[in-house]
Structure formats: structure tokens, C-alpha cells
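What follows is one structure encoded as C-alpha cells, with my remarks underneath.
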Amino acid sequence: MKRRKFLTLSGIAAAVVALPAIGLVSTSVKDATAATIFNDFPYLKLDKEGVDKFVDALLIARPPTLAFKTKVRGAKLLGMKASKANLKFNVSQQYLLSTDFFRNKMDESKPVKFIGFYDPYQMPCSNPFTSLYYPPDKS
Amino acid sequence: MNSYDAVIVGTGFASTFFLKKYLSKAPASAKVLVLERAFLFKHTDRLKELRGEKDAPINPNPDFKDTFINKTPDKEWVFQPAFGGSSNCWYGCTPRFLPSDFKMKSLYGVANDWPLTYEELDPYYEEVEDIMSISGPAVTPYPRKKPYPLPPHQFTTVDTILNKKYGQLYINQPTARARVAVNGRGQCCGSAVCSVCPVNAKFTIENSNMGVYDDKRVELVYGAQVYSLELNGNTVRKVNYVKEGKEFSATGEIVALGTNPIFNSHILLNSGDKHPLTGVGVGEQLGMEAVAYLDNLECVGGSTWVNANGYMLYDGMHRKEYSACLMEGSNSPFMRMERGKWRQVARFRMIFEDLPQESNYIATSADRMKPEVHHKQHSEYTMKSVEAMKKKLPQVLSCLPLEKIEFTNFFHSEAHILGGTRMGSTVKEGVVDKNLIHHNYRNLFVLGSGSFTTFTPANPTLTLSALSLHAADKSF
């Protein structure tokens with residue numbers, strides 16, 4: 001192999017390895033987490049500001065581990081859904097519980113708005129599947 | 001050394017209900033010492049801690065995992081050292097046992113009969129239910145003489161279908177999670193984090209208004225860990241404990257051990273109790289979840305965490321071969337991550353009865369304050385029931401529009417420590433008699449679920465509390 005060809009192939013190989021790695025590092029955990037939530041729900045009308053607020057609250061409530069950071073960045077890079085990214089806890093489920101989606105009876109036509117990070121100690125009685133939200137005469 | 005009419009060890013359900021009945025019968029001059037190894041950590045402070053508030057006090061109590069040596073860590077044991085014991089972390093499920101649960105040998109040829117019957121315990125069940133303001137249905141699979149104090153919780157849509165099909169075999173769960181605000185407690189609203197209820201709906205010793213620890217006859221000492229008794233002939237002479245690193249002793253006309261089964265056994269073993277069954281047969285029920293995926297039926301509308309109990313796999317002649325299984329219908333905020341099918345799913349906790357086995361036991365260790373817990377396995381009787389349940393459940397749930405059923409792994413604990421000081425009619429059959437008095441030491445009560453002769457799948461707290469009332473009522 002000629003030296004020039006060798007250098008060219010080496011460069012391509014290095015780029016193949018390095019570019020995703022750069023992608024992994026350059027994406028913020030916040031952006032990556034938000035992106036995977038959007039990937040999960042392309043058919044819902046999510047509000048970007050609300051998703052960002054949710055992710056801010058999430059990263060405070062559950063400080064991300066190195067494994068989480070790596071996985072969520074990788075998931076963004078690959079266009080994966082949060083629910084399929086093996087993130088240990090279900091980010092998308094937590095997000096939906098933190099919105100008005102269930103209170104709106106899972107109506108996909110309505111914009112999904114962030115209410116507050118789902119935590120029964122911060123917001124008691126917010127389990128959206130209870131009789132508070134499905135009174136007996138309507139369920 | 002101080003002398004008392006009664007020395008009570010622990011402040012959980014077993015001790016508190018025993019003490020309540022004892023005080024109702026004791027003279028005004030009675031002197032009672034209560035020794036609690038831990039401290040009061042108030043519900044309001046627990047909430048502050050969980051909310052991450054800056055002024056949240058530090059929990060003064062030890063982590064339960066540091067208080068004993070688990071020789072088989074795959075099997076977890078969950079409890080809470082604190083004033084009020086595990087009332088601080090229980091989930092408030094209070095079904096009664098079935099009459100047949102007390103007659104396992106005579107009905108099914110399994111293990112042994114309890115030395116008392118359902119009928120004997122019935123008035124004490126009623127008393128505990130009144131004190132705890134239990135919410136429950138009008139119709140139950142066990143006999144009751146009067147309605148529950150509070151109305152039942154609301155079913156989910158799935159529970160409603162199952163109740164329609166099975167009637168008294170599928171009921172609103174009897175629970176200490178209040179259906180309506182009562183006695184200073186809030187109304188349960190299904191937050192599903194019941195270990196520390198966000199709205200204080202669950203009965204605890206702290207919110208019980210039972211008044212026993214305010215009684216002038218009672219001296220409550222915190223931070224006092226009992227580690228042994230001084231035994232002499234057929235009586236207990238002294239209770240030995242450590243407080244702030246110093247040794248103390250107290251004497252009592254009667255002594256009642258009301259710590260959890262691990263520590264009750266350990267205190268007896270540390271004391272030189274040679275009863276061959278002391279510490280032997282400690283165990284728990286076994287639990288797992290069945291996840292039922294539903295076609296176009298949403299599981300919504302329950303008013304608490306566990307809305308229902310299912311008895312379809314519980315009692316019957318199968319118990320000659322394999323154990324009872326109790327179902328719990330959940331209303332926690334689970335979901336399917338599938339478009340349009342979010343809540344078209346139901347989750348049932350399946351809880352399997354077990355039996356005491358010699359291979360599961362409590363032992364002393366080099367540290368006199370720390371018991372060793374050995375748990376080799378659940379019984380074959382239990383494991384057979386798991387397989388039978390998996391075969392039968394599709395038929396049991398066939399009234400639902402089922403897509404499929406999936407089963408989770410076993411839970412590592414049911415947080416129900418049972419056995420170790422089992423009840424028996426004779427000294428050969430049990431450590432304690434039907435009044436929870438040690439067969440060999442006649443002024444010593446060994447309270448709590450350690451006394452259970454067999455391990456029915458129903459939650460133990462109501463029954464162990466009723467046993468405490470019964471023991472004190474019949475003994476004084």
C-alpha cells in the first residue's frame with residue numbers, strides 16, 4: 001500500500017471512530033435527554049420549553065451518572081427513543097406523568113404541557129389514574 | 001436497678017396494642033417501662049426529608065440494614081428501627097386471615113394448626129379495625145359481625161369487572177389508608193408512596209391517638225437496645241439493655257418482647273433459651289407481579305394504591321399440594337409505553353403463602369447486638385403454587401380483554417418478617433402458647449408475627465395486632 005493511500009484510509013478510519021465520540025461529548029446531557037423524549041413522542045404536540053423545564057428538574061432530582069450521560073448521548077446520536085435507551089429509569093414515563101397528558105385523558109390532539117416534575121411528595125394526589133381524575137360516575 | 005410491673009420491649013404494632021389492653025386492665029398504681037432502641041422521627045420531619053427541604057432534621061435512627069447480619073443477602077428483610085417500628089414504613093394493607101388459615105393441618109394436612117381459632121380472634125380483629133379506622137367492603141370472604149368503620153375504597157375499572165365475576169372473592173382491599181379523613185388523618189388519594197404517606201392518611205403508631213405512651217403509668221426510654229434477658233427457672237428475672245454505651249437492667253413482673261421476629265428470637269437466643277424452635281423457621285411470603293395487557297380497556301379510577309384483593313387462588317383443597325395465593329390489584333401510576341394503549345394494562349401483585357422451614361433461622365453472632373439471619377429457600381409448597389398460578393391466571397382473568405400476561409421476577413422481600421417463635425399448643429409444637437406466653441418462661445410474652453404458626457399470604461399486621469390484644473386480654 002502506498003503511503004498516501006495508507007494515510008487516507010487511516011484518516012477515514014480515525015474519523016469513523018472519532019466523530020461519534022465527538023458527538024457523544026459535544027452534546028449536552030440536557031439536550032440529549034430532551035431529544036430522546038421528542039423521539040419517543042413524534043405524534044404528540046410537546047412544548048419545547050416544557051420539555052426543557054422537565055429535563056432541568058429531572059437532572060436535579062436524579063443527578064445523572066456517567067452511564068446515564070453516555071447512554072443518553074448515544075441515544076440522541078442514533079436517534080433513539082428514551083424509552084428504548086436502557087436508561088435504568090423511564091424518562092419518558094416520568095415526563096408524561098409530569099404533564100397534563102393524562103389529565104387530558106390521553107387526547108393526542110391537545111398540546112402536552114409540563115405541569116411540574118412528578119413527585120408525590122412535592123405534589124400529593126397527582127396520580128392521574130385515580131378516582132380524583134376518573135370520578136366514579138364518569139369512569 | 002429499677003423494678004416494674006411490666007417491661008415492654010419495642011414500640012411497634014405488637015407492643016403498642018399489647019400495652020393498650022394491658023393498661024386498660026392494670027391498676028392506677030401500675031409501673032410500666034417501655035424500652036425502645038430507636039427514637040421518634042416525626043412524620044412531618046420524614047416529609048421534609050423526602051422533599052429535600054433545607055431545614056429537614058437528620059433521621060436519628062440507624063439504617064435497618066446495619067442492625068443485623070444477613071447471611072443470605074439475596075433474600076432481603078425490610079423493617080424500620082424507630083418509635084412506632086414498621087408502622088412508619090408499612091403500606092397499610094389489612095385483610096383478615098381466613099378461618100382456614102388457622103387450621104392448615106386439620107384441613108389440608110400441612111404444617112400445624114394454630115392453637116387458636118378465627119372465632120377466638122374475631123372480637124380482637126374488630127377492635128383493631130376500629131382503632132385503625134379500617135376502610136373495607138360490606139362483603140368479605142371471611143365472616144364479620146359488623147361493617148368496617150370506614151367505607152370501601154373505589155375500584156378501578158378492571159377491579160369492577162373482576163368483582164362482578166367473583167363477588168366476595170374479589171373485594172375492595174381492607175386498608176388502614178383512610179377512605180375519608182379521620183382522627184387527624186387525611187384521605188388517601190392514591191399517591192402510591194405509602195411507606196411515608198404524603199397526606200398522612202395511613203395509620204401509624206404516631207398518629208394512632210391510642211394514648212398509651214402519654215399514660216402516666218408508662219415510662220418510655222428511647223435509645224435503649226435490649227440484647228438479653230436473665231432467665232431463672234421458668235421466669236424472666238431481668239431485662240438487659242444498653243443505652244448510650246452503658247449497661248442497664250430492669251426487672252418486671254411480666255416482660256413482653258415486641259421487637260420484630262428477628263430481634264425477638266435473637267434476644268431469646270442471647271439469653272440462653274434452649275427451646276429447639278426458638279429462632280427456627282423464620283420466613284416470609286413470596287411475591288411477584290403479573291402484568292395483564294388489555295385490549296381497549298383502561299385500568300383507571302381507583303382511589304388508593306391497592307384497591308382490591310383477589311381470593312380466587314387462595315383457599316381450597318389445592319392447599320394440600322401447594323400454597324394459597326392472594327392477589328392485590330394495583331393503582332400505582334404504571335403504564336404501557338405504546339401509543340394509544342397507555343393505561344390498557346393492569347398489574348396484580350401475587351403473594352404466596354409459605355411454611356416455616358428448619359433451614360431458615362436466626363442465630364447469634366460475635367456481636368451480641370446483631371443477629372444473623374439465614375434463609376436458604378422458600379418451600380417447595382410455595383414454589384409449586386407459583387407454577388400453578390401461572391397456569392391458572394389466564395383463566396381467572398378471562399373476563400378481561402386480555403392481550404397477554406407477563407410475570408416479573410420475585411420480589412426480594414414482602415417486608416413481612418414471620419416466624420422464629422411460633423405458636424403451638426404444646427411446648428413440643430411451639431415456643432409460645434396461644435396467649436403468646438413462652439412455654440418455658442411463664443412471665444414472658446413474645447409478641448408479633450414471629451408467633452405465626454404458618455405463613456398465610458394475607459398481610460400480617462392486623463392479625464399480629466389482634467393477637468396482642470387477645471394475649472393481654474386473656475392474661476390479665
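Observations, loosely collected:
- Only one of the numbered conditions (1) away from chain B (no Cβ under 12 Å); (2) at pLDDT 95 or above; (3) part of a loop (DSSP other than H, G, I, E, B) is violated by A:Pro64, and that is (2).
- Boolean, B:Val78 is in contact with a helix residue (DSSP H, G or I) (Cβ under 9 Å, 6 or more places away or on another chain), in contact (Cβ under 8 Å) with a residue 60 or more places away in the chain, surrounded by fewer than 20 Cβ atoms within 10 Å (Cβ to Cβ) and part of a loop (DSSP other than H, G, I, E, B): yes
- When residues of region B:426-476 are limited to those that are among the acidic types (Asp, Glu) and either open to solvent by less than 10 Å² (accessible area, probe 1.4 Å) or touching a Lys or Arg at 6+ places or on another chain (Cβ under 9 Å) (or both), the one nearest to B:Tyr381 (Cα to Cα): B:Glu429
- Candidates B:Met423, B:Met383 - the one that is on the phi < 0 side of the Ramachandran plot and open to solvent by less than 20 Å² (accessible area, probe 1.4 Å): B:Met423
- The residues on offer are B:Glu328, B:Glu298, B:Glu321, B:Glu387, and the sole one that is acidic (Asp, Glu) and more than 30 Å from B:Phe155 (Cβ to Cβ) is B:Glu321.
- Identity of the residue in region A:116-125, crowded, with 16+ Cβ neighbours inside 10 Å and in contact with a helix residue (DSSP H, G or I) (Cβ under 8 Å, 6 or more places away or on another chain), that ends up nearest to the other protein chains (Cβ to nearest Cβ): A:Tyr121
- Residue tally, condition within 30 Å of B:Met210 (Cβ to Cβ) and either within 22 Å of the chain's Cα centre (by Cα) or in a strand (DSSP E or B) (or both), over region B:152-182: 12
- Any hit, region B:88-105, residues being farther than 23 Å from B:Ala176 by Cβ and of a type in the set (A, V, I, L, M, F, W, C): yes
- Test: residue in region B:294-312 that is open to solvent by 10 Å² or more (accessible area, probe 1.4 Å), more than 30 Å from A:Leu97 (Cα to Cα) and not aromatic (Phe, Trp, Tyr): yes
- Single residue of B:Asn61, B:Asn88, B:Asn70 found to be within 27 Å of B:Leu355 (Cβ to Cβ) and either in contact with a His (Cβ under 7 Å, 6 or more places away or on another chain) or open to solvent by 10 Å² or more (accessible area, probe 1.4 Å) (or both): B:Asn70
- Meets criteria (more than 9 Å from chain B (Cβ to nearest Cβ) and exposed (fewer than 14 other Cβ atoms within 10 Å of the Cβ)) for A:Leu59: no
- In a residue-by-residue description of region B:94-110, the property of being among the hydroxyl-bearing types (Ser, Thr, Tyr), buried (at least 18 other Cβ atoms within 10 Å of the Cβ) and either at pLDDT below 95 or in a loop (DSSP other than H, G, I, E, B) (or both) applies to at least one position.
- Candidate set from region B:30-54 (those that are in a loop (DSSP other than H, G, I, E, B) and open to solvent by 30 Å² or more (accessible area, probe 1.4 Å)); member that is farthest from the other protein chains (Cβ to nearest Cβ): B:Lys31
- Options B:Arg217, B:Arg179, B:Arg185; residue that is closer than 20 Å to B:Tyr91 by Cβ and in contact (Cβ under 8 Å) with a residue 60 or more places away in the chain: B:Arg179
- Within region B:375-476, strands (runs of 3 or more DSSP E) holding 1 or more residues that are of a type outside the set (A, V, I, L, M, F, W, C): B:402-407, B:418-420
- Selection status of A:Val72, farther than 21 Å from A:Lys110 by Cα and in a helix (DSSP H, G or I): yes
- In region A:80-97, the residue that is least open to solvent (accessible area, probe 1.4 Å) out of those that are assigned to a loop (DSSP other than H, G, I, E, B) and within 11 Å of chain B (Cβ to nearest Cβ) is A:Asn90.
- Positions within region A:98-107 being of a type outside the set (A, V, I, L, M) and at the interface with another protein chain (Cβ under 8 Å from one of its Cβ atoms), in sequence order: A:Phe102
- Qualifying residue in region B:307-320 (condition: farther than 17 Å from B:Phe410 by Cα and free of Cβ contacts under 8 Å to residues at least 24 places away in the same chain): yes
- Scanning region B:331-348 for residues that are surrounded by fewer than 20 Cβ atoms within 10 Å (Cβ to Cβ) and either away from chain A (no Cβ under 14 Å) or not in a loop (DSSP other than H, G, I, E, B) (or both) turns up just one, B:Arg347.
- Sub-6 Å Cβ pairs linking a first residue in region B:3-23 that is buried (at least 24 other Cβ atoms within 10 Å of the Cβ) to a second residue that is charged (D, E, K, R) and modelled with pLDDT of 95 or more, at least 6 apart or interchain, are B:Thr11/B:Glu36, ordered by first then second residue.
- Filtering region A:101-115 to residues that are open to solvent by 30 Å² or more (accessible area, probe 1.4 Å) and in a loop (DSSP other than H, G, I, E, B) leaves A:Arg103, A:Asn104, A:Lys105, A:Asp107, A:Glu108, A:Ser109, A:Lys110, A:Pro111, A:Lys113, A:Ile115.
- Residues of region B:183-235 satisfying the condition of being within 14 Å of chain A (Cβ to nearest Cβ), buried (at least 17 other Cβ atoms within 10 Å of the Cβ) and assigned to a helix (DSSP H, G or I): B:Cys194, B:Val196
The values are calculated or read from the model by the stated rules, or taken from the named source; none is laboratory data. All values reported here derive from a predicted model rather than from experimental measurement. Every residue, glycine among them, receives a Cβ derived from its backbone with ideal geometry; neighbour counts consider all protein chains shown. Heavy atoms of the whole protein, side chains included, go into the accessibility calculation; ligands, DNA and RNA do not. Shrake-Rupley method; radii C 1.70, N 1.55, O 1.52, S 1.80 Å.
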